[in-house]
Amino acid sequence: MMRAVVVDIDETVLDNSPAQAYGAKNRLPFELKGWYQWGEMRKAKAIPGAVEFANYAKSKGVRIFYVSNRDEVQKAATIDNLKAAGFPDITEENVVLRQKESTKEPRRLAIAEKYRIVILMGDNLNDLSNVYERKSIAERFAEVDKAKELYGNKFIVLPNAMYGEWESAIYEYGRLTEAQKSEKRANALELP
Ligand SMILES: [Mg+2]
């Protein structure tokens, strides 16, 4: 069975920090409209080392799948941006965006039917496995500890201090106002 590497896109192979910086400077919360606009610009740069990693994998006969929760309407711009940044294996089949659900498990399983997935790479625990989904902060830590042999081997995690499912865990997956989120974040701070 041919080998495959499954990578997330945002904050794993593409760097969207300019969009975050724009939001911070203008004091804007995350909004889908602004996110789509940034995507349409096709200006995200590659995360350092990502293109080299993908090309190395390809040189060893490994297929790269880009599994992302970007929406299907963003597909053309995403493909253009990935190509412009220099990534290999950028095809309709290999760039797998969100259809109905945010969980990536069915998409991983579909790839695993045809390929042996040797590495999963992401900035979000949910990029690696579904065991982290909708879990509390304590449960997420416990699940990571359970799978520690996989980390650095099959699971490669990149830090993302800007946003991620860790933030949803702080909010206990609730739909909160900005003020409520701010309070939960403040309560979660670890102080000296
Ligand atoms: Mg990501």
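The values are calculated or read from the model by the stated rules, or taken from the named source; none is laboratory data. All values derive from a computational prediction rather than experimental measurement. Cβ: placed from backbone, ideal geometry, glycine included. Neighbour counts: every protein chain shown. We work out accessible area using only protein heavy atoms, side chains counted, and drop any ligands, DNA or RNA first. Shrake-Rupley method; radii C 1.70, N 1.55, O 1.52, S 1.80 Å.
Taking only the C-alpha atoms of the stretch 3-188, the Rg (one decimal) and the largest Cα-Cα distance, Dmax (whole number), read 16.6, 50 Å.
Rounded, prolate or oblate: pick one for the stretch 60-142, where a ≥ b ≥ c are the square roots of the eigenvalues of its C-alpha gyration tensor, a/c under 1.5 means rounded, and failing that, prolate if a/b is larger than b/c, else oblate. Because a/c hits 1.5 or more and a/b exceeds b/c, the stretch 60-142 counts as prolate. Each Lys and Arg Cβ is given +1 and each Asp and Glu Cβ -1; about its Cα centre, the stretch 84-144 then shows a dipole of about 140 debye. Where is the GNM fluctuation largest for the chain (alpha-carbon springs, 10 angstrom cutoff): 58, 45, 146? Looking only at 58, 45, 146, the largest GNM fluctuation is found for 146. Rounded to the nearest 20, the Cβ-based charge dipole of the chain about its Cα centre (Lys and Arg +1, Asp and Glu -1) stands at 340 debye. Comparing 132, 180, 117 along the charge dipole axis of the chain, the residue lying farthest to the positive side is 117, per the Cβ-charge model. Counting Lys and Arg as +1 and Asp and Glu as -1 over every other residue whose Cβ lies under 13 Å from the Cβ of residue 19, the net charge comes to +1. Largest GNM mean-square fluctuation among 140, 63, 175, using the chain with Cα springs under 10 Å: 175. Annotation: amide H-H contacts under 5 Å for residue 45 (H modelled 1.01 Å from N, sequence separation of 5 or more, or interchain): 15. A convex hull fitted to the Cα coordinates of the stretch 109-159 yields 80 cubic angstrom per residue. For the stretch 78-89, 3J(HN,Hα) computed residue by residue from phi via the Karplus equation (6.51, -1.76, 1.60; θ = phi - 60°) reads 5, 4, 4, 5, 5, 4, 4, 6, x, 7, x, 6 Hz, glycine and proline entered as x. Spatially, the stretch 5-27 and the stretch 143-192 are offset by 16 Å when compared through their Cα centroids. Summarising the label geometry, the points placed 7 Å from Cα in the beta-carbon direction at residue 52 and residue 98 lie 3.2 nm from one another. Projected label points at residue 27 and residue 105, each 7 Å from Cα along the beta carbon direction, are separated by 4.2 nanometres.
Projecting the Cα atoms of 59, 18, 151 onto the charge dipole of the stretch 3-188, computed from C-beta unit charges around the Cα centre, puts 59 farthest toward the positive end. For the chain, the share of accessible area belonging to carbon and sulfur comes to 55 percent (1.4 Å probe, ligands and nucleic acids excluded).
A DSSP coil position with no more than 14 other Cβ atoms inside 10 Å describes the following GluC sites (Glu not before Pro) in the stretch 12-108: 31, 92, 93, 101.
Rounded to two decimal places and with Rh computed the Kirkwood way over Cα pairs, what is Rg over Rh for the stretch 33-73? Rounded to two decimals, Rg/Rh equals 1.08.
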